[in-house]
Amino acid sequence: MSNSFPAKRIAIFGSTGSIGTQALEVVAANPELFSVEILTAQSNDSLLIQQGLKFNPNIIVIGDERKYQKVKEAFSKMDTKVFAGEKALEEVAAMNCYDILLAAVVGFAGLKPTLKSIESGKTVALANKETLVVAGDIVMQKAVENRAPIIPVDSEHSAIFQCLVGETRNKIEKIYLTASGGPFLGKKTNYLVNVKRDHALQHPNWSMGAKITIDSATLMNKGLEMIEAKWLFNLKPDQIQVYVHPQSIIHSMVQFEDGSIKAQMGLPDMKLPIQYALAFPQRIPNKFPRYDLKKPAQLTFEDPDTRTFRNLLLAQEALNTGGNLPCVLNAANEIAVFAFLRNRIGFLDMTDLIEKTMNHVHFIEKPTLEEYFDSDGEARNFAASLIKL
Ligand code: NAD
Ligand code: MG
C-alpha cells in the first residue's frame with residue numbers, strides 16, 4: 001500500500017463503547033492509515049483518559065460534566081483540548097479538523113452530533129442506527145445537500161453496501177436482512193415472560209453494548225435495521241425481507257432485477273465492517289480469523305417468529321406508516337430497554353410499553369426536525385409514566 005496518502009483523521013464519537021473500542025483496535029493496527037483526532041464518551045472517564053493517552057487526539061469530550069475536572073487534569077501537560085457536555089459534542093462535530101466521523105454513540109443521543117457532522121460535509125461512518133430510525137428523511141436529505149457520504153457500519157448494512165459496489169445503475173429488487181435470532185430463538189411467550197436481564201444479555205454470536213444486545217433478544221434490533229435500510233438504500237418496505245440465519249455468516253444479501261443474489265459473508269466480527277467503513281473505498285489486509293466454508297456445514301434461513309417477538313411487528317408497522325412513528329417507537333424502546341436493564345419491567349412488558357406509546361403520541365406525517373425532537377420527548381415521558389404506575 002502506498003504511503004503517499006496522508007492518514008485519515010478519525011473522530012470517534014462513543015469511543016468507550018463496544019464499537020468505539022473495536023474501532024480503536026483497527027486504528028492501532030493501521031497507524032499509517034488512520035490518526036485519531038477526536039474521542040468522546042459519556043461517563044467512562046477512566047477508559048477515555050486511557051484512550052486519550054494512548055492515541056493522543058487533539059480533542060476529547062466527556063459528556064458527564066461532573067467528570068470534566070478529572071479528564072482535564074489528566075491532559076494538563078498535553079496539547080489535547082478537553083470539553084464537556086452535550087452541546088460540546090455538537091460543536092466539536094462541526095469543527096473542521098477531521099475527515100471521518102465514526103458515529104458510535106448509542107441511541108437518540110447520537111442524532112444531533114451526527115447531523116452537525118453531515119451539515120459540515122464530513123464523511124460519516126454510521127454505527128448509530130437510531131439516527132436514521134428517528135429522522136431518516138431529514139438525515140439523508142442533509143447528506144445529499146452537503147455531499148456528505150454515509151457509510152454504514154452496522155454489519156447487515158455494510159454487507160448490502162459491499163454488494164452494491166459497482167452496481168450504481170442497477171436497481172435493487174429486494175434485500176434480505178439476516179438476523180441471528182438472538183439468545184431466545186425458538187422460545188415462546190411462556191418462557192420469555194420469566195426472562196431476566198442477565199440472561200437476555202448473553203448473545204450467542206456477537207459481543208455488543210447492553211442496549212443493542214437487548215434489542216437483539218427482542219428482535220427490535222432487526223426492526224430498527226429495516227428502517228435503517230429503507231433510508232440508506234432508498235427502499236420501499238416490501239423490498240426488505242428479514243430471515244433468521246442463526247449461524248451469522250451471511251451478513252445480508254441483495255437481489256437484483258435479473259434475480260441474481262449477491263451475499264457478503266464472513267465470521268461475525270464487527271471489526272470488519274468498522275475497518276471497511278473507515279478505509280472505504282480501499283480494503284485493507286488484516287489477520288482476523290477466516291471463515292472455514294466447511295464449518296458450519298449448513299447455512300439456514302427461516303422466517304422470524306413475529307407472533308412471539310412482537311417488537312418486530314411494531315417496528316414493521318412504524319416502517320410502513322412512516323412519519324414520526326419510527327421516532328416514537330425508538331424513544332419508547334429506549335425507555336423500555338433502560339427499565340428492563342434495571343429490572344423495573346419484564347421482558348414482554350417492553351413490547352406493551354412500546355405499543356401503548358405508539359398508540360398515544362399523536363401522529364405527524366411529515367415532521368420537521370423540531371417535531372421529531374418533540375415526538376421523542378413526548379414518547380419518552382409517556383413511556384416513563386407507564387413504568388411508574
Ligand atoms: P455501547 O453502549 O457499548 O457504547 C456507547 C458509547 O456511546 C459509549 O462510548 C458511551 O460513552 C457513549 N454514550 C452513551 N450515551 C451517550 C450520550 N447520552 N451522549 C453521548 N455519548 C453517549 O454501544 P455499542 O454497542 O458500541 O453501540 C453503539 C451504536 O452502534 C448503537 O447505536 C448500536 O445500535 C450500533 N451498533 C452496534 C453494534 C455492536 O456490535 N456493538 C453493531 C451494530 C450497530
Ligand atoms: Mg446489525
Taking max minus min of the Cα coordinates of the stretch 55-119 on each principal axis, largest first, gives extents in Å of 33, 25, 17
Qualifying chymotrypsin sites (Phe, Trp or Tyr not before Pro) for the stretch 257-344 [loop in DSSP, other Cβ within 10 Å: at most 16]: Y291, F301
Could you tell me how many cubic angstrom of Cα convex hull volume the stretch 13-61 has per residue? 63 Å³
Heavy atoms of I387 accessible to a 1.4 Å probe, total area in Å² rounded to 10: 30 Å²
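Sorted by accessible area (1.4 Å probe), largest first, how do K116, K129, K87 line up?
Details: K116 70, K129 10, K87 125 Å².
Descending order: K87, K116, K129.
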Once normalised by the length of the stretch 71-158, the mean sequence separation of its alpha carbon contacts under 8 Å that are 6 or more apart gives a contact order in percent of 24 percent
Which far-off residues, 5 or more places away or on another chain, put their amide H under 5 Å from the one on T123, with H placed in the peptide plane? L101
In 10 Å bins starting at zero, report the fraction of Cα pairs in the stretch 166-207 per bin as a rounded %. 21, 35, 17, 17, 10, 0
If I ignore ligands, DNA and RNA and count only protein heavy atoms, how much of W231 is accessible to a 1.4 Å probe, in Å² to the nearest 10? 70 Å²
Cleavage-rule hits, GluC sites (Glu not before Pro), the stretch 214-276, DSSP coil, Cβ neighbours within 10 Å at most 14: E257
Cα radius of gyration and Dmax for the chain (Å): 20.4, 63
Where does the charge balance sit around P152 when Lys and Arg score +1, Asp and Glu -1, over other residues with C-beta under 13 Å from its C-beta? -2
I want the local charge near P113. Using Cβ-Cβ distances under 12 Å, sum +1 for each Lys or Arg and -1 for each Asp or Glu among the other residues. 0
Keeping all protein chains in position, work out how much accessible area K67 exposes to a 1.4 Å probe, and write it in Å² to the nearest 10. 60 Å²
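Using a 1.4 angstrom probe on the protein heavy atoms only, line up S248, S260 by accessible area, largest first. Could the numbers behind the result be given before it?
Values: S248 10, S260 55 Å².
If we order S248, S260 from most to least accessible, we get S260, S248.
Which order do you get for F34, F5 if you rank them by accessible area with a 1.4 Å probe, largest at the top?
Values: F34 10, F5 140 Å².
Accessible-area ranking of F34, F5, largest first: F5, F34.
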Tell me which residues come under 5 Å, amide H to amide H, from R9 once H is placed; ignore anything under 5 positions away on its chain. S35, D99, I100
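Could you compute Rg(Cα) / (2.2 N^0.38 Å) for the stretch 17-157, with N its residue count?
Details: Rg = 14.6 Å, N = 141, 2.2 N^0.38 = 14.4 Å.
The value comes to 1.01.
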Return, for the Cα atoms of the stretch 298-389, the radius of gyration and Dmax in Å, separated by a comma. 14.2, 48
Distance check, please: which entries in K356/K388; K67/K129; K188/K211; K8/K271; K171/K262 exceed 19 angstrom between their Cα atoms? K67/K129; K188/K211
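The values are calculated or read from the model by the stated rules, or taken from the named source; none is laboratory data. Remember, predicted model here, so these are calculated numbers, not experimental data. Cβ coordinates were reconstructed from backbone atoms using ideal geometry, including for glycine residues, and neighbour counts include every protein chain displayed. Remember, those area values only see protein heavy atoms, side chains included, never the ligands or the DNA or RNA. Shrake-Rupley method; radii C 1.70, N 1.55, O 1.52, S 1.80 Å.
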